[in-house]
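This report refers to the structure that appears directly beneath it.
The values are calculated or read from the model by the stated rules, or taken from the named source; none is laboratory data. Keep in mind that what you see is a predicted model, and the values were worked out from it rather than measured. Counting neighbours? That spans all protein chains shown, and the Cβs are built from the backbone with ideal geometry, glycine included. Ligands, DNA and RNA are excluded from the accessible area calculation, which covers all protein heavy atoms including side chains. Shrake-Rupley method; radii C 1.70, N 1.55, O 1.52, S 1.80 Å.
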Amino acid sequence: MKEKRKKILFVDDEINMLEIVSEYFQVKGYQVATAINGQKALEIIQQDTIDCCFTDINMPEMNGLELAERIRKIDNSIPVVIMTGNPSLDRAIKTMKNGVVDFLIKPLKLDQIELCLVRVLRERQIFEENILLKKEIEHKQRLEKINIELTNKVEELYILNKIMSNLTAISSSTEIFNIVVEMTREIIHADESHFYLVNDSVKKPFKVASSLSTKNHPDTINADMINTSGLAFDTDNNELQAIEKLILEIVSDEIPLLISKNMGARGLPENIMSFMIVPLKIRKKVFGVLTASVKQGNARFDERDLYYLSFITHNTAYAIENLALYENIYENLFSTLYAFVKALEARDIYTQLHSDRVSKIATAMAKVMGCSSEELDIIDFAGRLHDIGKIGIRDDILLKPGKLTKDEFEIIKEHPVIGAAIIGQLGLWDNEQLIIKCHHERYDGKGYPAGLKKEEIPLLARILSVADAFDAMDSDRAYRKKMEIEKIITIIKDGAGTQFDPKIVDVFCKLYQEGKIINDKNNSNVSTKKYLIN
Ligand SMILES: [Fe+2]
């Protein structure tokens, strides 16, 4: 392609000078424009593309320096060369300060101007090429950025979609926490992920499900649905305490936590390199927390991982609530809660199957007392979950082999309220919640938590109270052997009117006398003890 001829502008109030340079440079192949003053020069520059401007310095109205300044304001890429007949250092400095690229001293020779022109044009070309190159680089960088953003967006959509399809495929709430921890670990490449049941009533986080990287734990692929010890999977005590402390902070302020690089500031042991906790809220209240940790390698969680974790918890809560709207919800959620109780009881051989037995005895009594089938369902449910609030009690108190101190007993006394809070949060079982809350109230008003009296205590709770007391006395405890059955019956009878509702004691004794509550004395194993109930 033929190169466009360069156009030069000469500005001088001497017409002779303009004619000479014009002729000379046109012969040399340039386009030449001339102006006899600054104003005309500016008009040409505004209308035409000028590649270089030579201007005399001493001109009437507008001198060369002023012209250079005004050209710069119009187009700062036009190189301006000053021609002066009166050189001085001051003027030279001022000239260059005005953005002028060079100055020539009069009288001038044409080849001297030409040399200067060639040099200035070359510099300008380089300057323009640099600008083009810079623009090209910027364009390329912008494209790369857009590309990365697009790739990230596609990846993000893929992940969010995966989370949603995993969650919508869940048909039972019993498996939901296992799926959630497994999915969390895979999606954010964590070494461990755990779900803890905890809320403002359950003061001690209760680990419900765990997923561990097989590279860290070659023998462990999946944790059981319920991990009762809280100490399994190489989790040492310090780590557990540090995590529990952080969990309680999250439960209280409800803000997700991201520790990208663990420097020990939040008390986390150094084997955890990166850590996150996100609360899971059901009905606007914290129900539990999902945690994730990196224990090896260089990967560190960032804001994006926290976003994914929050997305998982948010949609898990939806899934739980949605499950509640469809079939099987009662059984599903009940199974989950019941599994918690079983896990609690499994830790203590003395309480194994306690809830099942209490439920059976209480249901039998309610039946005799003419309760409706709906009430029988309620007492069966409440019986099996009545001690679920013990999830929130510290192990050192709950599993203490000896007698409890007064303070420790005060803590144990919180379990009916905690249990009611857990059940209540799901919003499905108002009646059951009330029975659980009242199962330690006494007929004479000396019970807890509210000190209710007589008929203030729901009937089903009064029934449950007798069944609970009976089974407690009829079972071995860490600090005492189980009592003789005759002694138990005497204690229950003596409690009529004080601890228990007399009418219900009568029903219990009648059932016992009729042989409908039979303790299988031949089998001392608590967990296989059977009651024969019609
Ligand atoms: Fe209890």
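At-a-glance table
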quantity: Förster radius 51 Å - calculated FRET efficiency between Tyr158 and Asn130, Cβ distance, rounded to 0.05; calculated: 0.80
quantity: Too-long pairs where the Cα-Cα distance tops 22 Å, listed order kept, from Lys28/Lys109; Lys285/Lys390; Lys360/Lys413; Lys295/Lys400; Lys245/Lys403; calculated: Lys360/Lys413; Lys295/Lys400; Lys245/Lys403
quantity: Accessible area of Glu244 in the full protein assembly, 1.4 Å probe (Å², nearest 10); calculated: 40
quantity: Calculated FRET value between Gln241 and Thr405, using beta carbons and R₀ = 25 Å, to 0.05; calculated: 0.70
quantity: Per-residue HN-Hα couplings for the stretch 125-132 [Karplus 6.51, -1.76, 1.60; θ = phi - 60°; Hz; x = Gly/Pro]; calculated: 4, 4, 4, 5, 4, 4, 4, 4
quantity: ³J(HN,Hα), Karplus 6.51/-1.76/1.60, whole Hz, each residue of the stretch 409-418, x for Gly, Pro; calculated: 5, 4, 5, 4, 5, 6, 5, x, 5, 4
quantity: Stretch gain in nm, segment Leu376-Ser310, where the contour uses 0.36 nm per residue and the Cα spacing is subtracted; calculated: 19.7 nm
quantity: Orientation-averaged projected area, Cα convex hull of the stretch 421-502 (nm²); calculated: 6.0
quantity: Theoretical FRET efficiency, 1/(1+(r/R0)^6), r = Cβ-Cβ of Asp48 and His139, R0 51 Å, to 0.05; calculated: 0.95
quantity: By average C-beta atoms within 10 angstrom, highest first, the peptides 491-501, 54-64; calculated: 54-64, 491-501
quantity: Packing rank of 284-291, 256-263, where each peptide gets the mean count of other beta carbons within 10 Å, highest leading; calculated: 284-291, 256-263
quantity: Partners for Lys481 among aspartates and glutamates (Cα-Cα distance below 15 Å; same-chain residues under 8 apart left out); calculated: Asp348, Asp471
quantity: J(HN,Hα) series, the stretch 71-78, from Karplus relation 6.51 cos²θ - 1.76 cosθ + 1.60, nearest Hz, glycine and proline x; calculated: 4, 4, 5, 7, 8, 6, 8, 7
